[in-house]
1. Arranged from highest to lowest average of other beta-carbon atoms within 10 Å per residue, in what order do the peptides 80-90, 31-41 appear?
2. Taking amide H atoms as placed 1.01 Å from N in the peptide plane, list the residues 5 or more away in sequence, or in a different chain, whose amide H sits under 5 Å from that of THR33.
3. For a footprinting-style exposure proxy, rank LEU73, LEU56 by other Cβ within 10 Å, fewest first.
4. How would you rank 46-52, 112-118, 98-104, highest first, on the average number of other Cβ atoms within 10 Å across their residues?
Amino acid sequence: MELEMKNRRLGSGGSGNGAGGGVGGSGSKRKFTTVTGFLSFLLALIALAIVNISFLTGFNGDGALFSFFYISLLGFFLGIVGLFTKKRSRLFAIWGFFLNLFVVIFPFLMFILAYTINATP
């Protein structure tokens, strides 16, 4: 019983078919990430960094605030392509897709919410 528990913790399984009963078993195939998904995630981080730096420093010259919009649109479409790849890990594609979606929606949401404030009663 103890030997079987140790084998399961180590990932060798004990099922007899060589498939490896555990998550990290010897028969399990490792899924690599998609290149487009990783690029989407990387572009999302760059766009978020541009947005945060421009908001914190007050610098928005040379279109810095709008360059993040185009970067995030490119990352958004790369994330969509990464979501439809077969036999690869889509983790970065999912993260990149949703972060880029947030970066695209964020300015429009802020403008809409800013226009709802009525300064004069």
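1. 31-41, 80-90
2. So THR33 has HN proximity to SER89.
3. LEU56, LEU73
4. The densest-packed peptide leads the list: 98-104, 46-52, 112-118.
The numbers here are math on the coordinates, done by the rules we state, and not lab data. Note that this is a predicted model, so its numbers are computed, not measured. Every residue, glycine among them, receives a Cβ derived from its backbone with ideal geometry; neighbour counts consider all protein chains shown.
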